[in-house]
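Asks: Encoded as C-alpha cells, here's the structure I'll be asking about.
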C-alpha cells in the first residue's frame, strides 16, 4: 500500500477579476476551490491512475473537513489527525498580474505530533510512504528525521519531497527515494547559485554515497536526472505552453512511484511520469491524462553509467 503524508494541507482558492483595485469591492468572474498540498496531489494523481493510497497528515476545522470529504468523494482513504484551528486557505488571484497569498495554517501541539507519529509506526512493513511539502507551525524539522528512523526500523520505503533542511539528516536511515528540484538540491548542500548539470550530477551522486537509495532531480522544462546504484538516467521533458507548474512535480512523483509499485521498468516509469508532469504544467490543475500518449513519445531516456563510475 502507498501512504501519502501532507502535514500542512490547504484549500487552494483560485479567483479571477478583470482588475484588482484597492479600497473597493472587487467582484470575481471565475472561482474554483481545490483540496491541495503536495501529498494530497500525489494521492489524487495515483487515483487517476487507478492506484489506491491512504492520505495522512493534519487537518483542522471546516476547511479540513472539506479536504477530507473531497478526497473521500474521489475514493481516496484518509487517516488524518484532527487538530485545533483551521486548515489554511491559499488564495490565487488572476488579474492583470498574478497574486499568490499563502497562509500559515494551524499550530500543531506536541501531543498531536505524537499521535501522528503513532500512525506512521502503524504502517505495515513493505509499504511506501511519500512525505511531501512544508511543515506547519509548531512542528520541528526533526520530525522528518523521526519519520525516517521509524521507516528504517519498520521496513517502510520512505520517499521524501520536501524543502525541509533536515532531509540531509535522514540519509543515515537510507530513504528509498529523495526528489529534490534543482533549487532544493542546491540548498541541501548550502549552495546559493543555480547548479550546472555537472554540479547536479555531482550532488546527486553525493546523496547516494551518503545513504539515499534512489534520487530523482526534477528540472522542469529540462526534464529530470535519476540516480540509482551506479546508474544515471537523463530524461527530457515534452515542450509546450506552460499554464501552471505548481503541481507538476507532485504529478511526476505520484506517477513514478505508482508505476514502480505496478512493477513497470524504471525507464518506462520515468517516461510516463515526465509526460504526466508536463501535462499538468500545461493544464490549470492536475493532468486529465488525455494527452499522455502523445507526450510520452516526446520523452527521451538516456542511461549513462560512466557518469557515476
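The values are calculated or read from the model by the stated rules, or taken from the named source; none is laboratory data. Just so you know, these numbers come straight off a predicted model, no measurement behind them. When we count neighbours, we look across all protein chains shown, and the Cβ atoms used for this are built from the backbone with ideal geometry, even at glycine.
Asks: Residue under question is residue 135, and the condition is that it be closer than 16 Å to residue 252 by Cα, in contact (Cβ under 8 Å) with a residue 12 or more places away in the chain, surrounded by 17 or more Cβ atoms within 10 Å (Cβ to Cβ) and within 17 Å of the chain's Cα centre (by Cα); does it hold?
Replies: Against the criterion (closer than 16 Å to residue 252 by Cα, in contact (Cβ under 8 Å) with a residue 12 or more places away in the chain, surrounded by 17 or more Cβ atoms within 10 Å (Cβ to Cβ) and within 17 Å of the chain's Cα centre (by Cα)), residue 135 does not qualify.
Asks: Of everything in region 234-253, what is crowded, with 19+ Cβ neighbours inside 10 Å and within 18 Å of residue 300 (Cβ to Cβ)? Give them in sequence order.
Replies: 234, 235, 237, 238, 252
Asks: Now a separate question. Give the residue that is modelled with the highest pLDDT, with candidates limited to residues of region 205-223 that are within 19 Å of residue 296 (Cα to Cα) and surrounded by fewer than 16 Cβ atoms within 10 Å (Cβ to Cβ).
Replies: Among those residues, the one meeting the criterion is 222.
Asks: Here's something else I'd like to know. Does region 144-156 include one or more residues that are under 28 Å from residue 17 (Cβ atoms) and either touching a helix residue (DSSP H, G or I) at 6+ places or on another chain (Cβ under 7 Å) or surrounded by 15 or more Cβ atoms within 10 Å (Cβ to Cβ) (or both)?
Replies: No: region 144-156 contains no residue that is under 28 Å from residue 17 (Cβ atoms) and either touching a helix residue (DSSP H, G or I) at 6+ places or on another chain (Cβ under 7 Å) or surrounded by 15 or more Cβ atoms within 10 Å (Cβ to Cβ) (or both).
Asks: Another one. Only one of 26, 8 is part of a loop (DSSP other than H, G, I, E, B), within 30 Å of residue 109 (Cα to Cα) and in contact with a strand residue (DSSP E or B) (Cβ under 9 Å, 6 or more places away or on another chain); which?
Replies: Only one candidate qualifies: 8.
Residue by residue, here is whether (1) modelled with pLDDT under 95; (2) surrounded by fewer than 19 Cβ atoms within 10 Å (Cβ to Cβ) holds:
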{"residue": "5", "(1), (2)": "no, no"}
{"residue": "10", "(1), (2)": "no, no"}
{"residue": "15", "(1), (2)": "yes, no"}
{"residue": "24", "(1), (2)": "yes, yes"}
{"residue": "30", "(1), (2)": "yes, yes"}
{"residue": "44", "(1), (2)": "no, no"}
{"residue": "56", "(1), (2)": "no, no"}
{"residue": "61", "(1), (2)": "no, yes"}
{"residue": "64", "(1), (2)": "no, no"}
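Asks: With a cut-off of at least 2 residues that are touching a strand residue (DSSP E or B) at 6+ places or on another chain (Cβ under 8 Å) and closer than 25 Å to residue 261 by Cα, name the strands (runs of 3 or more DSSP E) lying wholly within region 64-164.
Replies: 128-132, 157-161
Asks: List the helices (runs of 4 or more DSSP H) inside region 189-308, counting only whole elements, that have at least 2 residues being more than 18 Å from the chain's Cα centre (by Cα).
Replies: Those helices (runs of 4 or more DSSP H) span 197-210, 266-281, 292-296.
Asks: Run residue 130 past the list (1) under 25 Å from residue 89 (Cβ atoms); (2) out of contact with any helix residue (DSSP H, G or I) (no Cβ under 6 Å at 6 or more places or on another chain); (3) modelled with pLDDT of 95 or more and report the number of the one that doesn't hold.
Replies: (2)
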